[in-house]
Each structure stands twice: as C-alpha cells, then as structure tokens.
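Participant: Could you have a look at this structure, given as structure tokens, before my questions?
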There are 2 protein chains.
Amino acid sequence: MFDGPSPAGMTGPEIPESHPRYESLLTRHRIEDGVDRGLTSKQGLIAQGRGEAFDYLLGEETIPSADDAERAAAAHLQRADHPVLSVNGNVAALVPGEIVSLAEATDADIEVNLFNRTDRRIERIAGHLRAHGAERVKGQTADGRIPGLDHERAKVDADGIESADVVLVPLEDGDRAEALGAMGKTELVVDLNPMSRSARAATVPIVDNLIRALPNVTAHAEALRGASPAELDSIIESFDADAALAAAERRIRDA
Amino acid sequence: MFDGPSPAGMTGPEIPESHPRYESLLTRHRIEDGVDRGLTSKQGLIAQGRGEAFDYLLGEETIPSADDAERAAAAHLQRADHPVLSVNGNVAALVPGEIVSLAEATDADIEVNLFNRTDRRIERIAGHLRAHGAERVKGQTADGRIPGLDHERAKVDADGIESADVVLVPLEDGDRAEALGAMGKTELVVDLNPMSRSARAATVPIVDNLIRALPNVTAHAEALRGASPAELDSIIESFDADAALAAAERRIRDA
C-alpha cells in the first residue's frame, strides 16, 4: 500500500473480496471515483493519503478503544434531540450508503459542509447522497453561522448543524472542530490521527478508518435502539476520550 | 497540518518564510500546482498525504541517520560511472530546481520515469525540468527495459536508467525499486516510510522529506567533489542501511 498505486486492473469495482488488500483497494477506487465525479478535492486526496499512513500504523483494524468510541457515539446519537451527520467530499465519496444507513438508524439529519465551499460541489455531493438513498440533504440554505470562523467556512443551515445538539463530523478540519465544540455541541469526530486538533476537540474521538467506523456505529445504534435513557447515559458517561486517544497513540507509536 | 487544508490565502508563493508551517505550506502549494500543470497524478496526491503523515511523525526534520544516508548517497553519485536521477510527477512538482542542481553537482543524467506512463505527462514533466534549467532530460526514447515488470512500467532509456550503475529513485514504487535492485544497480531511495518495500530494497534508503533531502545530498556532493576514490569508498562502506532504517522507525514509533 505504501509502495505505490494499486496493481493494474485491481482498482475497479471488480476487486475480489478475497483480495488481501480488498478494503484498501476499494477505498482508493472510491476516492478516485470521487474526484472524477467532482466530489473530492485535491486537498481531499492528500488527506486520504495521510489517513492511509495512520491506518497502516494502526494495523488497519478497529482497535478496542475505537470500538468503545463507536458505541459511545451511537449512544450520543440515540440520546440526541437533533443529531446531524456532517458530510464533506471525501465522506460522500467513501461512504455514501453508510452515511444514509446511519442517518436512518439514528433519525439524524444529513448536512453537506465543505472546507472549500462551492455551490456546485455541494449540489454534486447532495445528488450523490440522494442516489444512495438519502431523502433530504441539508447544507444548501446556509442561513446559519458557526461563530469564530471566516465567512465562507462559517456557513451552515440554521435548521441543521446550527441547531443540532449532537454532530458527527468525520474528517473535519481542526479550526471548525474547535469552533463547533465552542458552540457547546457534542461532537463525534472520526479521524485516524489521534494527535490532530479535531480528535482532541471531540467529545468522542473515533480513531478508525471511516469505512470500518461508520458501519460499526450503525450496528451499535441499532443494538441500542430500545435502550432506556439511563442505559444510554451510562454508556456515554463511561467513555473516556483522553484514554481512547492515548490508546490509539500507543498503538501507532509502539506497534 | 493534519487538521485540514492550508489557511486561506497561505497556499500561494506569497507565503512568508517566517511562517511556522512555511515548508509544509510551500510543499502543498507546489504539489497542487503540479496537478494544475498536469505533472502530478491523483495517486501522486495520495502519496503526498502519506508522506506528510510520516514526516509529521518523524518531527519534520532531517534526523541524523538520514543525514548519514544523504552523505552516503552523495558519495555513491560521485563514485559512479553513470549516475541517473529518476524523476516522476511528484518529484518534478516538488523539487524541479533541486533535481537540476544535484544533476549538475554529480554529472548525473535526469530521466523521467512514471508509474502511470503517458507520453503527454512525460513531455510535460520534461518541459517543467527544462524550464528549471535542465539541459537534457531522458525518458522519451524508452528503448530499454527493466526485467520483471509489466510492459509499460518496464520502459526506460537504454542510455539512461538501463545502463546506469547508480540510480537515485525518489518516491519510487516497491515493485520497481525491487526490480532495479535485481538488475544489480546501486539504488538510492528517498522514502518517508522506512517500512516500505522501496526503502527496504535500497542500497541507501534516505528516510527524509524530498524537499529537505535533495539540497542536502547536493551539499554533500559538492563537499565531496575533490574526494579521492578511497575516501568515497570509505564513506560508502561505513553506511549501514539496516541501522538507518531501524533508527527512522524508532523515531516514528517512539517519538
């Protein structure tokens, strides 16, 4: 994986699931397809590469502390009054169907929110999500603001992220992760770098590959659908963000 | 750096050198400009991201074992009968002037060699290098072959890489790095991942950012210009590739 591009002929959807690098090749196929569709930016490709390196050092698996974080995230989403899943270009390219499944399992809104915002790219991403089953995709009204950010980067929907109590922000940039935290929102961040500002700003940092993390959050959310508020609160309270970050960093450094 | 794209307005050539992230921002500017110029591929952007992550873990500095490797690489280039510097899209985007300076300091040929070879991209890269002062750029004749690789990936110039005794291959893919090694060539590899097959296949693995490594190899080459063959051989013999890889991995894992 670190030795160059995928083997010739192995980047398309015809990758056999038995291939030892199936997940990595599928990921790469989806992200490149995302560029061709105008979903993923140049910055998104570079971010993908950074993620690959951290995932390689993590062992390319969901470590126990990440599974704990994914369960805590599911509990937060089920406990929320108004949960929103924030989607950028890489998220849409990598896990469009998985985002829709998680939104359905948790009655969450989906909102497109981009670092480099253009109406054209937002429309493309929203269309891609609708093609994967999303009924409604927010992010185009842009009548709300996140305080403390530049004009374009501050834009959100008033009835979406602005009024959310719990926000899942996969692959978020550090400035915005911190600004959302400063608004008092419960922030669930998926980021493969446990040292990043995004991960450190999160209520629940999930140090895992999005392609493994999202289905696992959904599975936990489905299992917790009938749980009482007290049960959900107990799961939420027992999660220790600092311990999870330390466990992930140990795994990366000492593996 | 891991928290998302560069700050607004800081990606262009107007980045002040005093900026704490000057080198990182300049690198990112050059690689994105490389995409706009048709030099860098999608795979190249992902590879750039992987490199950023490893560089971050290394501390974004030339560690002592990398400086040793850069000096050994300079000695190999000065001792060679026919040294060749292999250039791909990312190398051309990131360090075009630095490649030309190193070629001049070591009387080396420059040859464009791409993982995803197209005549159009080779011509663009060669033109970019000529614009930075390269007199002759090889790679378009493609009348030589590297045994053991697929047809397109095997192509090299007969009077270039095929007949070289020492080849500098920055950011090479693992298959080709191993195939070049199997041809008996002395291979100098620049790769930020000390666990990669490229780094492990190298006679001299340089675990450092290209943007720091190349000027340092050039500086060592200039200092060694008057050295005797015995002095150069002594530098070459005293370099321990396994120890250098182990030192880099320790730095990444235990920092």
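The values are calculated or read from the model by the stated rules, or taken from the named source; none is laboratory data. Here the structure is a predicted model, which is why all the values come from computation and not from measurement. Please note: Cβ atoms are built from the backbone with ideal geometry, for glycine as well, and neighbour counts cover all protein chains shown.
Participant: So is A:Ile110 assigned to a helix (DSSP H, G or I) and either within 14 Å of chain B (Cβ to nearest Cβ) or buried (at least 22 other Cβ atoms within 10 Å of the Cβ) (or both) or not? Can you show your working first?
Facilitator: Values: assigned to a helix (DSSP H, G or I): no; either within 14 Å of chain B (Cβ to nearest Cβ) or buried (at least 22 other Cβ atoms within 10 Å of the Cβ) (or both): yes.
Criteria not met by A:Ile110.
Participant: Further, regarding this structure: Can you tell me which residue is surrounded by the most Cβ atoms within 10 Å (Cβ to Cβ) among those in the stretch A:170-205 that are more than 14 Å from chain B (Cβ to nearest Cβ) and β-branched (Val, Ile, Thr)?
Facilitator: It comes out as A:Val204.
Participant: Right, something else. So in the stretch A:242-255, with the set limited to residues that are surrounded by fewer than 18 Cβ atoms within 10 Å (Cβ to Cβ) and either of a type in the set (A, V, I, L, M) or assigned to a loop (DSSP other than H, G, I, E, B) (or both), which one is farthest from the other protein chains (Cβ to nearest Cβ)?
Facilitator: Within the stretch A:242-255, the match that is farthest from the other protein chains (Cβ to nearest Cβ) is A:Ala243.
Participant: Does A:Ser101 fit the bill of being under 22 Å from A:Glu178 (Cα atoms), among the hydroxyl-bearing types (Ser, Thr, Tyr) and in contact (Cβ under 8 Å) with a residue 60 or more places away in the chain? Steps first, please.
Facilitator: Working: under 22 Å from A:Glu178 (Cα atoms): no; among the hydroxyl-bearing types (Ser, Thr, Tyr): yes; in contact (Cβ under 8 Å) with a residue 60 or more places away in the chain: yes.
No.
Participant: Whether any residue in the stretch A:121-142 is assigned to a helix (DSSP H, G or I), in contact with a helix residue (DSSP H, G or I) (Cβ under 9 Å, 6 or more places away or on another chain), among the small types (Gly, Ala, Ser) and more than 14 Å from chain B (Cβ to nearest Cβ) is what I want to check.
Facilitator: Looking through the stretch A:121-142, at least one residue is assigned to a helix (DSSP H, G or I), in contact with a helix residue (DSSP H, G or I) (Cβ under 9 Å, 6 or more places away or on another chain), among the small types (Gly, Ala, Ser) and more than 14 Å from chain B (Cβ to nearest Cβ).
Matching residues to (1) touching a Pro at 6+ places or on another chain (Cβ under 9 Å); (2) modelled with pLDDT under 90; (3) under 27 Å from A:Lys185 (Cα atoms); (4) outside any loop (DSSP other than H, G, I, E, B):
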| site | (1), (2), (3), (4) |
| --- | --- |
| A:Phe2 | no, yes, no, no |
| A:Glu32 | no, yes, no, yes |
| A:Gly38 | no, no, no, no |
| A:Gln43 | yes, yes, yes, yes |
| A:Glu61 | no, no, no, no |
| A:Glu70 | no, no, yes, yes |
| A:Val91 | yes, no, yes, yes |
| A:Ile99 | yes, no, yes, yes |
| A:Leu102 | yes, no, yes, yes |
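Participant: Being within 14 Å of chain A (Cβ to nearest Cβ), in contact with a strand residue (DSSP E or B) (Cβ under 6 Å, 6 or more places away or on another chain) and surrounded by fewer than 24 Cβ atoms within 10 Å (Cβ to Cβ) is the filter here, so list the residues in the stretch B:153-169 that pass it.
Facilitator: Scanning the stretch B:153-169 gives a single hit, B:Ala154.
Participant: Could you grab me the full set of residues in the stretch A:49-88 that are within 27 Å of A:Arg136 (Cα to Cα) and within 14 Å of chain B (Cβ to nearest Cβ)?
Facilitator: Our first condition is that a residue be within 27 Å of A:Arg136 (Cα to Cα); within the stretch A:49-88, this holds for A:70-88.
Within the stretch A:49-88, A:Ser86, A:Asn88 qualify.
Participant: Right, here's the next one. As an exercise: evaluate B:Asp81 against (1) part of a helix (DSSP H, G or I); (2) over 26 Å from A:Leu57 (Cβ atoms) and give the number of the one condition it does not meet.
Facilitator: Tallying (1) part of a helix (DSSP H, G or I); (2) over 26 Å from A:Leu57 (Cβ atoms), B:Asp81 fails exactly one: (1).
Participant: Counting only residues that are surrounded by fewer than 24 Cβ atoms within 10 Å (Cβ to Cβ) and of a type in the set (Phe, Trp, Tyr), how many does the stretch B:51-89 have?
Facilitator: 1
Participant: Next up: Would you check if B:Gly51 is at pLDDT 90 or above and not in a loop (DSSP other than H, G, I, E, B)? Before the answer, list the steps.
Facilitator: Working: at pLDDT 90 or above: yes; not in a loop (DSSP other than H, G, I, E, B): yes.
The answer is yes for B:Gly51.
Participant: Right, next: Quickly run through the stretch A:23-48 and pick out the residues that are aliphatic (A, V, I, L, M), more than 9 Å from every other protein chain (Cβ to nearest Cβ) and surrounded by 24 or more Cβ atoms within 10 Å (Cβ to Cβ).
Facilitator: Listed by number, the list holds a single entry, A:Leu39.
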